[in-house]
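Reading through the structure tokens given below for one structure.
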Amino acid sequence: MSRSASSRANKRGEPPPSPEPLPAPALDSHTHLDIAVGGEDRLPADDEVDAEIAAAAAVGVTRLVQVGVDVPSSRWSAALAARHRSVLAAVALHPNEAGAGAATPEALAEIDRLAALPRVRAVGETGLDRFRTGPEGWDAQEASFRAHIAIAKRHGIALVIHDRDAHPEILRVLDDVGLPEHTVFHCFSGDAAFARQCLDRGAVLSFAGTLTFGNAGYLREAAAIAPADQLLVETDSPFLTPVPHRGRPNASRLVPHTVRALAEVTGIELPALCDQLTATAERVFGSW
Ligand SMILES: [Zn+2]
Ligand SMILES: [Zn+2]
């Protein structure tokens, strides 16, 4: 998600209570702690962030991937991962930022520099967004996506894709340049047919709170056809809060709602699913 959407997201009411702890450790493969804790206008203090990470760990969410959307948040993400053992970082210029001209040579060079750091394990979120960016920004967005794919490959780390209303265009670019070894569709938003195309290319589908939404039967169908080792879960917090707290601010400690929904959809017992999600995350991002 983009920083510009955050002021709305953070003003939608009180934080929900934490759910019942998971029976085994699991993870949040995509969170924006800077926005979730600090909001749009300031970066949070270390002790505030540490409290949020501890609240997630208290319900079994012991591993987090903190995702940058621009140069400042990517630097912040890399620094958090360097100092906190529960956190790995992803760095990138968000597609909507790129569509607005942010993917300058200097900015991409900084993403490339950050991607070399030992606790930065993914390039993302990058991709295409044809919902918030109009046609005038599409060329710049695609050029940035291609540059980010090259950075992920150069450093041998994962690619985290943001795909909003751009399923065929994303596959066109990926098929043109080839997928990195580990590619994640963050907040997977397609149906079973699109899921099949992504899975056949070896990609991992990461499901957000949208999996729990009443009108998202197509997402549950997509999750149901995925092999167990090509599934991840995430919050994309502070966005996309799962049922029963939809409409309130999201946080990593709420991902158990989505894990439980995924267990129901896939028919995998909850403890086994938690173990599988952790194994998949460590395959994709490396060990924490
Ligand atoms: Zn996104
Ligand atoms: Zn995001």
Open item on the list: Given (1) farther than 19 Å from residue 234 by Cβ; (2) among the basic types (Lys, Arg); (3) crowded, with 16+ Cβ neighbours inside 10 Å, identify the lone condition not met by residue 164.
Closed with: (1)
Open item on the list: Six or more apart or on different chains, Cβ atoms under 6 Å: show the pairs whose first residue is in the range 157-172 and within 17 Å of residue 90 (Cβ to Cβ) and whose second is away from ligand 1 (no atom under 12 Å from the Cβ) and part of a strand (DSSP E or B).
Closed with: 157/121; 157/122; 158/122; 159/123; 159/183; 160/122
Open item on the list: Please go through (1) crowded, with 16+ Cβ neighbours inside 10 Å; (2) modelled with pLDDT under 95; (3) over 18 Å from the mean Cα position of the chain (by Cα) for residue 59 and return the number of the only condition it doesn't satisfy.
Closed with: (2)
- [ ] Could you grab me the full set of residues in the range 230-288 that are hydroxyl-bearing (Ser, Thr, Tyr), out of contact with any Lys or Arg (no Cβ under 6 Å at 6 or more places or on another chain) and touching a residue at least 60 places away in the same chain (Cβ under 8 Å)?
- [x] 235, 237, 252, 278, 280
Task: Cβ-Cβ under 8 Å pairs, at least 6 apart or on other chains, the range 75-104 side free of Cβ contacts under 8 Å to residues at least 12 places away in the same chain, far side open to solvent by less than 30 Å² (accessible area, probe 1.4 Å) and away from ligand 2 (no atom under 15 Å from the Cβ) - done: none
Task: Residue count, the range 151-172 (criterion: touching a strand residue (DSSP E or B) at 6+ places or on another chain (Cβ under 6 Å), assigned to a loop (DSSP other than H, G, I, E, B) and within 16 Å of ligand 2 (Cβ to nearest atom)) - done: 1
- [ ] Spot the failing condition for residue 268; the list is (1) open to solvent by 30 Å² or more (accessible area, probe 1.4 Å); (2) β-branched (Val, Ile, Thr); (3) touching a Cys at 6+ places or on another chain (Cβ under 9 Å), and only one is missed.
- [x] (3)
Task: Candidates 98, 107, 90 - the one that is within 19 Å of residue 65 (Cα to Cα) and touching a helix residue (DSSP H, G or I) at 6+ places or on another chain (Cβ under 9 Å) - done: 90
- [ ] State yes or no: is residue 148 in a helix (DSSP H, G or I), within 16 Å of ligand 2 (Cβ to nearest atom) and in contact (Cβ under 8 Å) with a residue 24 or more places away in the chain?
- [x] yes
Open item on the list: Can you find, within the range 184-198, the residue that is farthest from the chain's Cα centre (by Cα) among those that are open to solvent by 10 Å² or more (accessible area, probe 1.4 Å) and away from ligand 1 (no atom under 14 Å from the Cβ)?
Closed with: 193
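The values are calculated or read from the model by the stated rules, or taken from the named source; none is laboratory data. The structure displayed is predicted, hence computed values, not measured ones. Please note: Cβ atoms are built from the backbone with ideal geometry, for glycine as well, and neighbour counts cover all protein chains shown. To get the accessible areas, we keep the full protein, side chains included, count just its heavy atoms, and leave off ligands, DNA and RNA. Shrake-Rupley method; radii C 1.70, N 1.55, O 1.52, S 1.80 Å.
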